[in-house]
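Just below is one structure, and these are the notes that go with it.
The values are calculated or read from the model by the stated rules, or taken from the named source; none is laboratory data. Bear in mind that the values here come from a model prediction, so they are computed numbers and not experimental data. Every residue, glycine as well, gets a Cβ built from its backbone with ideal geometry; the counts of neighbours run over all protein chains shown. The area values use the complete protein model at the heavy-atom level, side chains included, leaving out ligands, DNA and RNA. Shrake-Rupley method; radii C 1.70, N 1.55, O 1.52, S 1.80 Å.
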Amino acid sequence: MRSAVRAYLPHVLRAARGAGLDPAEAEEVTQRTFTTFFEKAQRFEGRSSVRTWLFGILYRKIFERRRELARDEQRQEAIDEAFESRFDEAGRWIRPPHPAPDAALAAKETRRHISECLDQAPARQKASFLLREVEGFSTAEIGEILGMTQTNVGVTLHRVRHRLRECLETRGLRGTEP
Amino acid sequence: MMSCKDLARAIAAEETSGWRRWLAIRLHLLRCPACKEYVKQVHDLGDCVRNEACDSPEDAATLERLEEAIMGEIDRDGGAV
């Protein structure tokens, strides 16, 4: 048991913090996640990996605790309109992405902007993005963890990535063609 | 022929499986610098967030304290498994 805790604890705690919980809340939810994990271990049927199952428990606890995080998906997705507005009727770019120097994304300041932009995203978008990019889960696994279809995970990833690009452009980190 | 809009959506949604779609994306990227830049930016965003997470590991003392708390709780509950 200890080896399992040791192996997964840093990832679970990081995900709890990444979900927007404050440090004390994140630690408490992490602890509860492992307690539930071991309580229910005998019921684990092996249909998903242990890691996927553990993260599923974590996110259920996060969304239980922060119901407003789960609710914010209901609002109209303005980001879809923003995406549409970048293309003409034939699907060609009207405002193509402006090339930026490679160094820009590595800069600490840019990382801070990305973090702030991500914090503005709805909870499931943010969770999907972090589970994919930081924890390396597949879209099918993310679907299991967050209780979404794989198609919905794709839509969610599309929205959050476009949202991030738009947010960074707004902050002057990514311009658009004149 | 795949449009820029279809490509941007497919890349961001990771709907790139299947050889026909894969080939359509590759062919489009060969002749479209704007989409090539879009793909690069999507990948860069992921790299940046991943690097930030890797560069900021959780505090060792916090992890140790939490590990002990978890093990203590499990032991108190009689070792659920």
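Within the stretch A:115-132, count every residue that is crowded, with 20+ Cβ neighbours inside 10 Å and facing chain B (nearest Cβ under 9 Å).
4
When you go through A:Glu64, A:Glu68, A:Glu166, A:Glu141 one by one, which is the residue that is modelled with pLDDT of 95 or more and more than 10 Å from chain B (Cβ to nearest Cβ)?
Residue meeting the stated conditions: A:Glu141.
Please report, ordered by residue number, the helices (runs of 4 or more DSSP H) entirely within the stretch B:1-75 with at least 1 residues that are among the aromatic types (Phe, Trp, Tyr) and open to solvent by 40 Å² or more (accessible area, probe 1.4 Å).
B:19-31
Output the number of residues of the stretch B:44-81 satisfying the condition of being more than 8 Å from chain A (Cβ to nearest Cβ) and at pLDDT 85 or above.
Total satisfying the criteria: 6.
Find the residue count for the stretch A:1-31, including only residues that are open to solvent by 60 Å² or more (accessible area, probe 1.4 Å), assigned to a helix (DSSP H, G or I), of a type outside the set (A, V, I, L, M, F, W, C) and farther than 16 Å from A:Gly136 by Cα.
Count: 6.
For the stretch A:32-46, which residues satisfy the criterion of being at the interface with chain B (Cβ under 8 Å from one of its Cβ atoms) and crowded, with 22+ Cβ neighbours inside 10 Å?
A:Phe34
Restricting to the stretch A:24-48, what's the tally of residues that are in contact (Cβ under 8 Å) with a residue 12 or more places away in the chain, within 17 Å of A:Arg6 (Cα to Cα) and of a type in the set (Ser, Thr, Tyr)?
3
Can you pull out every residue in the stretch A:148-162 that is touching a residue at least 24 places away in the same chain (Cβ under 8 Å) and not in a helix (DSSP H, G or I)?
Correct list: A:Met148 only.
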